[in-house]
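The values are calculated or read from the model by the stated rules, or taken from the named source; none is laboratory data. Here the structure is a predicted model, which is why all the values come from computation and not from measurement. Reconstructed Cβ throughout: ideal geometry from the backbone, glycine too, with neighbour counts over all protein chains shown.
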Amino acid sequence: MCAVPIRQDEFSRIGLFTELPGHSLRKLGDRMRREQVLPGSPVIEEGDPGDRFYVVLSGMLSVTQRERGERRTLKPGDYFGEVALTMNMPRTASVRALTPSVVASCDRETFDELIRPLFSD
């Protein structure tokens, strides 16, 4: 994991964040944690507690559920982890890297302050 802040140009690829004002984007970028994920490595596991929200900065990741198999493929600009945080429940799916990937994540406090309001529309 790396403490390098997320750049505003990286956020410009994430459609969810287009409604955030510049000062909120800077605050979010400073609080997010960047993580490189090797192919086949898990980011989150179905059933685990949901404590972080993620955005995909590069690479491709697979979303799977035990009962239903592969659900979708995530690419740069996509996000995941919001269901567990907004509904206060365990993870509903597992996410693994298909290719070398970089994700950025934030904790529940940052999610609640800056991102959760984007889901209330």
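Quick check: is even one residue across the stretch 57-72 among the aliphatic types (A, V, I, L, M) and farther than 21 Å from GLU35 by Cβ?
Here is the first cut: in the stretch 57-72, the ones among the aliphatic types (A, V, I, L, M) are 57, 60-61, 63.
Then drop every residue that is not farther than 21 Å from GLU35 by Cβ, which leaves none.
No, every residue in the stretch 57-72 fails to be among the aliphatic types (A, V, I, L, M) and farther than 21 Å from GLU35 by Cβ.
Of all the listed residues (PHE80, PHE53), the sole one being surrounded by 15 or more Cβ atoms within 10 Å (Cβ to Cβ) and in contact (Cβ under 8 Å) with a residue 60 or more places away in the chain is PHE53. When every residue of the stretch 99-119 is checked against the conditions, none turns out to be part of a loop (DSSP other than H, G, I, E, B), charged (D, E, K, R) and over 13 Å from the mean Cα position of the chain (by Cα). Close contacts from the stretch 1-21, counting a first residue that is within 14 Å of SER58 (Cβ to Cβ) and of a type in the set (A, V, I, L, M, F, W, C) and a second that is at pLDDT 70 or above and part of a helix (DSSP H, G or I), with Cβ to Cβ under 6 Å and a gap of 6+ residues or different chains, come to ILE6/GLY29; PHE11/PHE17; PHE11/LEU25. Residues that are on the phi > 0 side of the Ramachandran plot and in a strand (DSSP E or B) do not occur anywhere in the stretch 1-8. Checking each residue in the stretch 46-60 for being within 11 Å of SER101 (Cα to Cα) and not β-branched (Val, Ile, Thr) picks out LEU57, SER58, GLY59, MET60.
Summed over the stretch 31-62, the residues that are in contact with a Leu (Cβ under 6 Å, 6 or more places away or on another chain), more than 16 Å from PHE17 (Cα to Cα) and assigned to a strand (DSSP E or B) give a count of 2.
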